[in-house]
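The values are calculated or read from the model by the stated rules, or taken from the named source; none is laboratory data. Just so it is clear, the model here is predicted, and its values are computed rather than measured. Here the Cβ is made from the backbone with ideal geometry for all residues, glycine too, and neighbour counts use every protein chain on show.
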Amino acid sequence: MPVKRLPPNPSLDHLKHQAKDLLKGHAYGDPGVIQRLREFHPRSLNAADPEIFAASLKLSDALLAIAREHGFPSWARLKFHIAKPTRANQLDLPHHERIEDPIFRHAVDLLDEGDVAGLRAYLKQHPKLARQHVTFEGGNYFRNPTLLEFIAENPVRHNALPANILEVAKVILDAGVEQVALNETLGLVSTGSVPRECQVQIPLIDLLCDRGADPNSALQIAVVLGELEAARALIDCGARINLPIAAGLGRTADFARLLPSSTGEDRHLALTVAADLGQFEIVQLLLEAGVDPNRYNPVGGHSHTTPLHQAAGRGYEKIVRLLVEHGARLDTKDLLWNGTPADWARRGGRKELEAYLHAHEAVKE
């Protein structure tokens, strides 16, 4: 689920009221609140709805969830951000402009300029730099990147990459990087629109995997975010196919083979990606297997919505009708914009689908 961006002049009192509302929603068993806690309270991660509802929730728990929902690791860090703003806290700036360490910032500048010789010399001058991390708050990824992760241009900073980005990447890799940085960079490259548009996504994937990145670490998120060419490249590099991967890629033979032995969690995510990527036959198989279309999507898979939201927003008429026929709720609201599936159809310019969903809302009333 994307984090909620703080407004320009955030109010701690308003955020505390949000925490109190979260407590009330938990007491009532509000499904949206349960889902937010599953996403943003570490104790509730991957817990079932009844377990989250039955657990006691204190104000300190709600404050932690609100802080994490806004991209901060704790309430104390959120308070500090509001009380003592620094350049690193200016969330409207691109990430490289928020770096306060001048040595690290200069290395990023050399990377962005494609200055291979300058970057190589600079890394020799500062040998610890390739393994150094910088900290960013206020987002739900790219929170603690190393220099290597900046090669992905994800999040977007310049909307472009230097033409010799592969050579730049090799310079950083030759300086020595951690395994976690390799895997994180692979995930960013595999899900980044800029590497794809610059036609370097697949070459960078191949380079990173050749240097030891685990292709399995990036495959699922690539499929969830619809980067299917990247997903196929990761499979070529040795990544394993599981049920959600087969669902997203429309590999019906693999899907049929994996479905009988799959877990409930895998089926849940498989319905998410199949509905979002237009895989009608696979959606049908999952619904016939008893997968509930009314659960919010799982953490890490458009968890602010349901499958019907995603299909309606994408304009997949056959999938929308199929989900409705299998009892998908029409009144569930997403957790970011408070919209129903019909609202998502309207936002996506799908007027006929919007009318269809409104008509069924009227019938159910």
Please list, ordered by first then second residue, the pairs with beta carbon atoms under 6 Å, 6 or more apart or interchain, first in the stretch 30-45 and assigned by TED's automatic domain parsing to the domain that holds Ala65, second of a type in the set (Lys, Arg).
Phe40/Arg68; Ser44/Arg38
Matching residues in the stretch 33-43 - criterion: being closer than 15 Å to Ala19 by Cβ and over 18 Å from the mean Cα position of the chain (by Cα):
Val33
Run down Ala62, Ala76 and say which single residue is out of contact with any Ser or Thr (no Cβ under 7 Å at 6 or more places or on another chain), among the small types (Gly, Ala, Ser) and crowded, with 19+ Cβ neighbours inside 10 Å.
Ala62
The listed residue being buried (at least 24 other Cβ atoms within 10 Å of the Cβ), touching a Pro at 6+ places or on another chain (Cβ under 7 Å) and of a type outside the set (A, V, I, L, M), out of Pro307, Pro244, Pro293
Pro307
Subset of the stretch 38-50 (residues that are farther than 24 Å from Thr135 by Cα and either at pLDDT 95 or above or touching a helix residue (DSSP H, G or I) at 6+ places or on another chain (Cβ under 8 Å) (or both))
Arg38, Ser44, Asn46, Ala47, Asp49
Output for the stretch 159-193, where each listed residue is outside any helix (DSSP H, G or I) and within 21 Å of the chain's Cα centre (by Cα)
Asn159, Thr191, Gly192
All but one of (1) surrounded by 15 or more Cβ atoms within 10 Å (Cβ to Cβ); (2) outside the structural domain of Asn164 (by TED's automatic domain parsing) hold for Phe104, so report the exception by its number.
(2)
Neighbours by Cβ (under 7 Å, 6+ apart or cross-chain): first from the stretch 91-103, aliphatic (A, V, I, L, M); second at pLDDT 95 or above and part of a helix (DSSP H, G or I)
Ile99/Arg105; Ile99/Val108; Ile103/Leu129
Name the pairs: first residue in the stretch 264-293 and within 18 Å of Asp254 (Cβ to Cβ) and part of a loop (DSSP other than H, G, I, E, B), second residue of a type in the set (Ser, Thr, Tyr) and at pLDDT 95 or above, Cβ to Cβ under 6 Å, at least 6 apart or on different chains?
Gly278/Tyr316
Report yes if some residue within the stretch 135-151 is more than 22 Å from Phe72 (Cα to Cα) and loosely packed, with under 15 Cβ neighbours inside 10 Å; otherwise report no.
no
I'd like the full set of residues that are surrounded by 17 or more Cβ atoms within 10 Å (Cβ to Cβ), closer than 22 Å to Ala328 by Cβ and not aliphatic (A, V, I, L, M), limited to the stretch 215-241.
none
Would you be able to say whether some residue in the stretch 147-157 is assigned to a loop (DSSP other than H, G, I, E, B), closer than 25 Å to Val180 by Cβ, at pLDDT 95 or above and in contact with a Cys (Cβ under 9 Å, 6 or more places away or on another chain)?
yes
